[in-house]
Amino acid sequence: VYTLWQADQEVKKLAAYANGEPVSEDDVEQLVVSNTEVDVFQIINAIADNSKLLALRHVSDFLGTAGDDKSRIIQLNALLSDQFRSIVIVQDFVSRMVEESIILEKTGWKSGRLFMLKKIALRFTLAKAKDFLNKLDHLDDELKSSSTPPRVLLDLILAQLLM
């Protein structure tokens, strides 16, 4: 799902690349960035709901897109880590009763993103969000240094996250 702004940017990028020629399917596959933010929010929501099957289905859907397993798992890990860092930041601001305008100023986020993060942050304790971040950090280290298959490493972390 793209916002109109994202779609407009992708169309402009394709038009510039095509330089007046018809845009091919290969051009789209090479240039258009997939919008994975929705997938990550779906995964996080499923984790918050403790819905193991749904979380695993969303992870599987994410990994089913183009690319090799290791690079997709690294990408997924980075996206999840970014969201959980944001959740911890929101939880900290909320616990200190910082006004939204100050949060937006300090983070550079849009109000819609802050709204979504606050809504999600309420579904996790600070301890659980930090624990998830630690596990995702461990997954990152293992992905980059271990000979264990990336999918096995991901499954081990997911099993811990979905306990």
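Does E29 satisfy the criteria of being open to solvent by 70 Å² or more (accessible area, probe 1.4 Å), within 18 Å of the chain's Cα centre (by Cα) and modelled with pLDDT under 80? Considered against the rule, which asks whether it is open to solvent by 70 Å² or more (accessible area, probe 1.4 Å), within 18 Å of the chain's Cα centre (by Cα) and modelled with pLDDT under 80, E29 comes out as no. Among the residues of the range 82-100, those that are open to solvent by 70 Å² or more (accessible area, probe 1.4 Å) and farther than 18 Å from F124 by Cβ comprise M97, E99, E100. Restricting attention to the range 69-78, which residues are closer than 26 Å to D26 by Cβ and surrounded by 15 or more Cβ atoms within 10 Å (Cβ to Cβ)? Scanning the range 69-78 gives K70, R72, I73, I74, Q75, L76.
Condition first: more than 24 Å from V90 (Cβ to Cβ), surrounded by 14 or more Cβ atoms within 10 Å (Cβ to Cβ) and touching a helix residue (DSSP H, G or I) at 6+ places or on another chain (Cβ under 8 Å). Can you find one or more residues in the range 108-117 that meet it? Within the range 108-117 (the criterion being more than 24 Å from V90 (Cβ to Cβ), surrounded by 14 or more Cβ atoms within 10 Å (Cβ to Cβ) and touching a helix residue (DSSP H, G or I) at 6+ places or on another chain (Cβ under 8 Å)), the answer is no, since none of the residues qualifies. Within the range 50-68, the residues that satisfy the criterion of being open to solvent by 70 Å² or more (accessible area, probe 1.4 Å) and either of a type outside the set (G, A, S) or touching a Pro at 6+ places or on another chain (Cβ under 8 Å) (or both) are N50, K52, L53, L56, R57, D61, D68.
Just one of the listed residues (F93, F115, F132) is assigned to a helix (DSSP H, G or I) and within 16 Å of the chain's Cα centre (by Cα), namely F132. Of all residues in the range 96-112, exactly one satisfies the criterion of being of a type in the set (V, I, T) and not in a helix (DSSP H, G or I), namely V98. If you go through the range 120-131 one residue at a time, do you hit one that is acidic (D, E), without any contact (Cβ under 8 Å) to a residue 24 or more places away in the chain and open to solvent by 70 Å² or more (accessible area, probe 1.4 Å)? So far as the range 120-131 goes, no, none of its residues is acidic (D, E), without any contact (Cβ under 8 Å) to a residue 24 or more places away in the chain and open to solvent by 70 Å² or more (accessible area, probe 1.4 Å). Tell me yes or no: at least one residue of the range 91-104 is closer than 23 Å to S51 by Cβ and either in contact with a helix residue (DSSP H, G or I) (Cβ under 7 Å, 6 or more places away or on another chain) or in contact (Cβ under 8 Å) with a residue 60 or more places away in the chain (or both). Yes: one or more hits.
The values are calculated or read from the model by the stated rules, or taken from the named source; none is laboratory data. Being a predicted model, the structure only gives us computed values, none of them experimental. When we count neighbours, we look across all protein chains shown, and the Cβ atoms used for this are built from the backbone with ideal geometry, even at glycine. Protein only, heavy atoms only, side chains kept; ligands, DNA and RNA dropped before computing areas. Shrake-Rupley method; radii C 1.70, N 1.55, O 1.52, S 1.80 Å.
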